[in-house]
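Just below is one structure, and these are the notes that go with it.
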Amino acid sequence: MTPDLDMLARHWLSELREELPAAIELRHRLHADPRLSGDECDTAAAVAQAIGIEFETVAGCGGWARIGPGEGDAVAVRGELDALPGTERTGASFAASEGAVHACGHDVHLAALTALARAAARVNLPAGLVLLLQPREEKYPSGAEDIARAGVLTAQGVRVVVGAHVHHDVPRGHVAAGAGPVNAASDELHITVRGTGGHGAYPHRAADPVAALAQIALGLPEMVRRTVSPMDPAVISVGSLHIGHGAANVLPSEGVLLATLRTMGREDRRLVQEAVRVLVESTARAYGVSGELTVVAGEPVLENDPDVVEASERWLTELGLGIAVPMRSLGSDDFSFYGEQAATLMSFVGVYERPGHGLPTLHDMEFLPPDDVVEDVARSMMAGYLGAVDVLAARRSAE
């Protein structure tokens, strides 16, 4: 932390507070008129217009722009554009009514990014600030993966990507980060079991997959227990099991199971996938049918850079926010794709004064962070930028 950066932080924070009323008004507009994944062009245009600079189009409806020095190292900050399908039940005066809802706080993130960017344009930044308006965080194909593959980070010299996400389990006025893995890798498991159908009165003349698929569903948790250390988080959750055509006396010929796999370790991810494959094929064979596993790869593990975490936490304190215990969950975020090209920092920003059971959580149709959280998210983004600048300067001096 240098005197120059300290002066910049005070100036930037002062300018940020001037932007908050307009940012909160923008939050209300975005919240009332949400767009689902893949259809966020209107949202991107509204945010770009509010920031007041020209954005380059990327990843379909996404966009990027750079503030500050046009060359050299840069720090990127992400805002997610998409909403979730559903019917809002918050009762807010600015509630959405068209079958989509910002129940994950993306409207808050975008408003915070807007305030941060407009304030940044009036200060002397020491490194480029790349603004990422990212589509499709909630649905494949991943918007973050598309932005990374488009080469934006590499072309702009982005060394650190910063994200901030509201969270129901973090106390209000506090931010949780934590070094290392903070969100899990997420994959979908599609299991198909095929056999020979028949009549319920003559099961010996059929090779129906019902028992095999049921045994596989029950065996998945046990398989995880036997594959992954109990000290390492990993879970498989079955979301859909479909077999048969609704008749009690008809033995089906095929059944399908859909599940999600969450792992915090890269090697665990590979080992569990292979163990599931063995379980499916062996169990099916034992029941006289065939089993097939298709893995639909999702997001990799999201890992926070330890140096950036430490530096940003110092700035969080300077900017008036508290430090919460590290937040780690088996939730996933495609922000992790940026980590394949740059250091990453994902911070979780508190929403409730006293988090606990009974309060609406992320993706709940009643989830509605207070407007004041816009400033907390913006300050968290600012702390991430300042911490990244500190780390980049230290690494340059050590070379």
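Only the coordinates and a few stated rules stand behind these numbers; no lab work does. None of these values were measured; they are calculated from a predicted model. Methodologically, a virtual Cβ is constructed for each residue, glycine included, from the backbone with ideal geometry; neighbour enumeration extends over all protein chains shown.
Structure above, values below:
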quantity: Degrees separating the helix 306-318 axis from the principal Cα axis of the chain, which is the longest one; calculated: 50
quantity: Expected 222 nm ellipticity per residue - DSSP helices of 4 or more, -39500 (n - 2.57), all of the chain, to 500; calculated: -12000 deg cm²/dmol
quantity: Under the Karplus curve 6.51 cos²θ - 1.76 cosθ + 1.60, θ = phi - 60°, whole-Hz ³J(HN,Hα) for region 82-95, x wherever Gly or Pro sits; calculated: 8, 10, 9, x, x, 10, 5, 10, 8, x, 5, 5, 10, 5
quantity: Karplus 3J(HN,Hα) series, Hz, for region 160-167 with 6.51 cos²θ - 1.76 cosθ + 1.60 (x for Gly, Pro); calculated: 9, 10, 10, x, 9, 9, 4, 8
quantity: Given [x] 22.6; [y] 27.3; [z] 21.9, the label whose value is Kirkwood radius over Cα pairs in Å derived from this model; calculated: [x]
quantity: Note, ³J(HN,Hα) from phi for region 38-51, Karplus 6.51, -1.76, 1.60, rounded to Hz, x at Gly and Pro; calculated: x, 10, 9, 4, 5, 5, 4, 5, 5, 5, 4, 5, 5, 5
quantity: For Gly244, net neighbour charge (Lys/Arg +1, Asp/Glu -1) across residues whose Cβ lies under 10 Å away; calculated: -2
quantity: Tilt relative to the chain, helix 210-227 - C-alpha long axis, 0 to 90 degrees, to 10; calculated: 50
quantity: Sequence-distant residues sharing a close amide H with Gly86 (under 5 Å, placed H); calculated: Ala100, Val101
quantity: Anisotropy class of region 185-297 from Cα gyration tensor, a/c 1.5 cut; calculated: prolate
quantity: Interchain or long-range residues, amide H under 5 Å from Ser347's placed H; calculated: Gly163, Ala164, His165
quantity: Positive-end extreme of charge dipole, the chain - chosen from Leu110, Pro203, Val58 (charges on Cβ); calculated: Pro203
quantity: Label-to-label distance, nm, for residues given as His28 and Glu399 (7 Å Cα→Cβ offset); calculated: 4.8
quantity: Estimated dipole of the chain in Debye, rounded to 20 [Cβ of Lys and Arg +1, of Asp and Glu -1, Cα centre]; calculated: 880
quantity: Environment charge at Thr260 (Cβ cut-off 13 Å; Lys +1, Arg +1, Asp -1, Glu -1); calculated: -1
